[in-house]
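Heads up, the thing below is written out as structure tokens.
Values in this text are rule-based calculations from the coordinates and carry no lab data. All of these numbers come straight from a predicted model, not from anything done at the bench. Counting neighbours? That spans all protein chains shown, and the Cβs are built from the backbone with ideal geometry, glycine included.
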Amino acid sequence: MASELAWPPNQAVSFSKGAERKDGKSSLLSTLMPSESFSTEYRLRKSADFEAVFKNTTIRVSGKYLLLLAKKNNLGHPRLGLVVAKKNVPQAVQRNRIKRNLRESFRSNTDCLAEFDLVLLCRRGIDKLDNSSIRAALTELWTQLTCRSEPSR
């Protein structure tokens, strides 16, 4: 005699943020730390925000594969906008990988960055770099930005 599975399940299981599963383990979303998210308050979302940075750039930091434009804001925290052009990085998989690395580096350095609106532009050839090389290039840019943003004594 074959045992019958009870479907649909008697109880609905919610996997929303902070919810626990039926087996007592927390869901993936609830295990994420708040600092690991890239909330909308830390993003440049509107084209007007990007335009403001492009027109009123106060600090420009350049590397071989990345260009960083910065403009002071009065929000109390930095915001990031990414420009990864299809012309420079043709494959969508590579563009997404690069953007993931850029966001991760920004999240880990948010406390070091002052109140800036930042736009990161990717140059041709960045898709040939591995993840650690991209993060190393970004660390160099963040260092240059903090050095240039500090008032001279």
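Overview of results
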item	result
Inter-residue pairs, beta-carbon under 9 Å, first surrounded by 13 or more Cβ atoms within 10 Å (Cβ to Cβ) and in the range 44-65, second among the aromatic types (F, W, Y) and part of a helix (DSSP H, G or I), 6+ apart	L44/F50; V61/W142
Single residue of the range 68-89 satisfying the filter (among the small types (G, A, S) and in contact with a helix residue (DSSP H, G or I) (Cβ under 8 Å, 6 or more places away or on another chain)) that is nearest to T40 (Cα to Cα)	G81
Selected residue (only one of A92, A136 is among the small types (G, A, S), within 17 Å of the chain's Cα centre (by Cα) and under 28 Å from N73 (Cα atoms))	A136
Residue list for the range 125-153, restricted to those being touching a Phe, Trp or Tyr at 6+ places or on another chain (Cβ under 8 Å) and either exposed (fewer than 13 other Cβ atoms within 10 Å of the Cβ) or in a strand (DSSP E or B) (or both)	G125
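Let's see how each residue does on (1) surrounded by fewer than 18 Cβ atoms within 10 Å (Cβ to Cβ); (2) without any contact (Cβ under 8 Å) to a residue 40 or more places away in the chain; (3) part of a loop (DSSP other than H, G, I, E, B):
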| position | (1), (2), (3) |
| --- | --- |
| G76 | yes, yes, yes |
| V89 | no, yes, yes |
| N101 | no, yes, no |
| T110 | yes, no, yes |
| D117 | no, no, no |
